[in-house]
Amino acid sequence: MQFDSLNRRDFIAWLGGAAAWPLSAHAQQPAMPVIGFLRSASLADATNLIDAFRQGLREIGYVEGQNVVIKYRSAENDPDRLTL
């Protein structure tokens, strides 16, 4: 396809295809794995545990926000919140 011989309709079709290419390439990338950090007590006093958890993941090649997502959840001392 030569650009000098494009009519308006062909140009718009070509432009639409070119604009959709980055979107389709992005959509084909695999999703990041998600790891859950669950705690029966509050997360507020778990800073040292969370830091150790992240360090352990880094040691095996997982870095939060780069190649893994970590979701933090707490039952806030209510055991009923941990039931399935």
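The values are calculated or read from the model by the stated rules, or taken from the named source; none is laboratory data. Computed from a predicted model, the values in this text were never measured in an experiment. Neighbour counts run over all protein chains shown; Cβ positions are idealised from the backbone, glycine included.
Under the condition of being more than 19 Å from the chain's Cα centre (by Cα) and either hydroxyl-bearing (Ser, Thr, Tyr) or assigned to a loop (DSSP other than H, G, I, E, B) (or both), the residues counted in segment 33-84 number 15.
Within segment 57-74, residues that are on the phi > 0 side of the Ramachandran plot reach no partner that is assigned to a strand (DSSP E or B) and modelled with pLDDT under 95 with beta carbons closer than 9 Å at six or more positions or on different chains. Per the listing 8, 58, 73, the residue uniquely at pLDDT below 95 and in contact with a strand residue (DSSP E or B) (Cβ under 9 Å, 6 or more places away or on another chain) is 73.
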